[in-house]
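Read through the structure below, which is laid out as structure tokens, and then see the notes.
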Amino acid sequence: MNAQVETPDQQLRARARRVIPGGMFGHMRSEGLPAGYPQFFARGEGCHLWDVDGRRYVDFMCSWGPIVVGHQHPVVTEAVQRQMAAGDCLNGPSERMVELAERLVGLIPHADWALFAKNGTDATTTCVTLARAATGRRKILVAKGAYHGAVPWCSPYPLGVTAEDRAHLITFTYNDAASLEAAVEATGQDLAGIVVSAFRHDYGFDQELPDPVFARRARELCDAAGAALILDDVRAGFRLTLRGSWDLVGVQPDLSAWSKAIANGYALAAVTGNDRFRDAASRIFVTGSFWCGAVSMAAALATIDVLEAVDGPAHMRAMGQRLRDGIAAQAVAAGIGVRQSGPPQMPTLLFDDDPEGAKGDRFTVEALRRGVYLHPRHNMFLSAAHTEADIDFALDATREALAALAAA
């Protein structure tokens with residue numbers, strides 16, 4: 001009998017294990033997903049993705065958030081190629097940096113200035129550093145279970161993290177104003193800032209949109225203490241609105257952290273802030289060799305152009321609602337309890353009576369076999385490239401996946 005021939009994905013995994021610890025790292029490690037998910041990909045176009053084995057998917061993870069107008073969008077690609085021909089990493093920034101800062105200040109109500117970096121952890125860490133520099137205080141409040149980056153001050157994973165790294169963090173419960181008040185009280189006179197996510201998007205749990213009462217109380221507590229209200233908009237920014245996600249509940253932060261979708265897949269992060277924090281922002285030392293790269297800034301400017309032209313947040317909301325309504329009707333017909341939460345642009349889908357996640361795993365694997373890439377536990381992402389036809393294709397797959405789950 002002939003030995004089974006390894007697929008390109010399997011071959012790459014074997015090669016990676018020899019030269020990369022664990023074969024992969026971080027949140028993109030496919031071993032954390034059910035068997036059958038690919039690890040390596042060949043290309044993307046619009047809202048479609050091809051793995052190295054040649055299988056095509058309608059993509060509902062959008063590279064875990066960065067792809068907001070579609071893979072290889074021609075307007076973004078043209079801007080990138082034009083800037084690349086002129087230069088990217090130079091001895092200082094290009095004109096694109098000033099243009100992008102001007103654009104963000106013009107778009108975002110709370111923003112009087114902008115700084116740039118490369119990923120979301122850079123942005124959230126800079127916000128915390130700014131809050132401490134401006135206030136001269138140490139304590140930072142974060143919601144229990146919230147994810148704000150992959151460095152010791154905020155990492156939810158204990159390996160390699162010391163108690164001292166998190167000595168000045170105090171937690172509260174998202175959307176619980178009394179819990180937040182108690183956390184503020186526990187800081188004494190040492191509160192530098194409160195960090196809040198755009199909405200509660202903890203891994204593996206039902207999502208929660210921000211309660212306007214909670215949001216207003218967070219603003220009031222920061223004002224009373226002279227502390228910074230910091231909005232972590234890394235995950236949701238430019239998907240829910242172009243104005244900053246808490247604009248939807250009528251509350252403006254002092255500082256916001258941005259990344260993921262602002263440059264449609266090109267490495268970029270931003271911090272925006274109001275004038276109260278301008279002086280501190282001009283004095284703190286935060287930098288990186290690639291933070292002034294012109295190509296990603298050109299991509300961001302083009303991405304904003306596209307999102308404004310097509311009203312990207314409204315389109316993503318409509319397509320996400322079409323998907324949500326379709327799955328809800330299918331689940332009722334199949335007699336399966338499904339919970340869908342979060343904004344339609346960033347949906348989470350979990351199953352009733354599924355403490356170990358077996359139903360979610362089976363459902364997403366069945367959808368994957370039919371050409372639809374979903375996630376069993378993490379919130380997903382819509383893009384401006386998803387069309388009604390793409391959603392309907394996905395709904396054909398989810399109908400069959402639910403039927404297979406019901407039969408099992």
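MET84 fulfils the conditions (1) in a helix (DSSP H, G or I); (2) hydrophobic (A, V, I, L, M, F, W, C); (3) surrounded by 20 or more Cβ atoms within 10 Å (Cβ to Cβ) except for a single criterion, (3). Going residue by residue through segment 111-118, is there one that turns out to be more than 16 Å from VAL286 (Cβ to Cβ), at pLDDT 95 or above and not hydrophobic (A, V, I, L, M, F, W, C)? Yes; the residues of segment 111-118 include at least one that is more than 16 Å from VAL286 (Cβ to Cβ), at pLDDT 95 or above and not hydrophobic (A, V, I, L, M, F, W, C).
I'd like the full set of residues that are among the small types (Gly, Ala, Ser) and either in a loop (DSSP other than H, G, I, E, B) or in contact (Cβ under 8 Å) with a residue 24 or more places away in the chain (or both), limited to segment 87-103. Answer for segment 87-103, where residues must be among the small types (Gly, Ala, Ser) and either in a loop (DSSP other than H, G, I, E, B) or in contact (Cβ under 8 Å) with a residue 24 or more places away in the chain (or both): GLY87, GLY92, SER94. Among the conditions (1) within 17 Å of THR364 (Cβ to Cβ); (2) assigned to a helix (DSSP H, G or I), LEU49 misses just one, which is (2).
Being in the same structural domain as TYR147 (by TED's automatic domain parsing) and out of contact with any Cys (no Cβ under 7 Å at 6 or more places or on another chain) is the requirement here; does LEU255 meet it? It is false that LEU255 is in the same structural domain as TYR147 (by TED's automatic domain parsing) and out of contact with any Cys (no Cβ under 7 Å at 6 or more places or on another chain). The condition of being of a type in the set (S, T, N, Q) and exposed (fewer than 15 other Cβ atoms within 10 Å of the Cβ) holds for ASN91. With respect to the conditions (1) closer than 16 Å to VAL142 by Cα; (2) in a helix (DSSP H, G or I); (3) of a type in the set (A, V, I, L, M, F, W, C), ALA224 falls short on a single one, namely (1).
Restricting attention to segment 338-353, the residues that are surrounded by fewer than 21 Cβ atoms within 10 Å (Cβ to Cβ) and either under 22 Å from the mean Cα position of the chain (by Cα) or more than 19 Å from HIS201 (Cα to Cα) (or both) total 6.
It is to be established whether one or more residues within segment 299-306 are assigned to a strand (DSSP E or B) and assigned by TED's automatic domain parsing to the domain that holds HIS201. Scanning segment 299-306, I find no residue that is assigned to a strand (DSSP E or B) and assigned by TED's automatic domain parsing to the domain that holds HIS201, so the answer is no. Within segment 263-272, the set of residues being buried (at least 24 other Cβ atoms within 10 Å of the Cβ) and more than 14 Å from VAL105 (Cα to Cα) comprises ALA263, ASN264, GLY265, LEU268, ALA269.
Among the residues of segment 332-342, some residue qualifies, meaning at least one is among the small types (Gly, Ala, Ser), outside any strand (DSSP E or B), under 30 Å from ALA270 (Cβ atoms) and modelled with pLDDT of 95 or more. Could we say that LEU12 is loosely packed, with under 12 Cβ neighbours inside 10 Å and either in a helix (DSSP H, G or I) or not assigned by TED's automatic domain parsing to the domain that holds LEU368 (or both) here? Judged against the criteria, LEU12 is not a match. Looking at this structure, is THR272 polar (S, T, N, Q), in contact with a Phe, Trp or Tyr (Cβ under 8 Å, 6 or more places away or on another chain) and under 28 Å from PHE393 (Cβ atoms)? Taking the combined requirement at face value, the residue does not satisfy it. A count restricted to segment 350-399 and to residues that are part of a helix (DSSP H, G or I) and aromatic (Phe, Trp, Tyr) stands at 2.
When the residues of segment 104-126 are filtered to those that are part of a loop (DSSP other than H, G, I, E, B) and touching a Ser or Thr at 6+ places or on another chain (Cβ under 9 Å), the one that is surrounded by the fewest Cβ atoms within 10 Å (Cβ to Cβ) is ASP112.
Scanning segment 133-156 for residues that are more than 30 Å from LEU301 (Cβ to Cβ) and buried (at least 19 other Cβ atoms within 10 Å of the Cβ) yields THR135, ARG137, LYS139, ILE140, LEU141, VAL142, ALA143, TRP153. One residue alone among PHE41, PHE60 is within 20 Å of ASP233 (Cα to Cα) and of a type outside the set (Gly, Ala, Ser), and that residue is PHE60. Being touching a Lys or Arg at 6+ places or on another chain (Cβ under 9 Å) and either surrounded by 18 or more Cβ atoms within 10 Å (Cβ to Cβ) or assigned to a helix (DSSP H, G or I) (or both) is a description that does not apply to LEU402. Criterion applied to GLU356, GLU366 was being among the acidic types (Asp, Glu), more than 30 Å from ILE304 (Cβ to Cβ), buried (at least 16 other Cβ atoms within 10 Å of the Cβ) and in the same structural domain as PRO34 (by TED's automatic domain parsing), and the one residue passing it is GLU366.
The combined condition, being aliphatic (A, V, I, L, M), buried (at least 19 other Cβ atoms within 10 Å of the Cβ) and in the same structural domain as PRO93 (by TED's automatic domain parsing), is fulfilled by ALA281.
Against the numbered list (1) assigned by TED's automatic domain parsing to the domain that holds MET316; (2) surrounded by 18 or more Cβ atoms within 10 Å (Cβ to Cβ), ARG56 comes up short only at (2).
When VAL52, VAL75, VAL68, VAL80 are screened for being touching a strand residue (DSSP E or B) at 6+ places or on another chain (Cβ under 9 Å), among the aliphatic types (A, V, I, L, M) and in contact (Cβ under 8 Å) with a residue 24 or more places away in the chain, only VAL52 passes.
The values are calculated or read from the model by the stated rules, or taken from the named source; none is laboratory data. The structure displayed is predicted, hence computed values, not measured ones. Cβ coordinates were reconstructed from backbone atoms using ideal geometry, including for glycine residues, and neighbour counts include every protein chain displayed.
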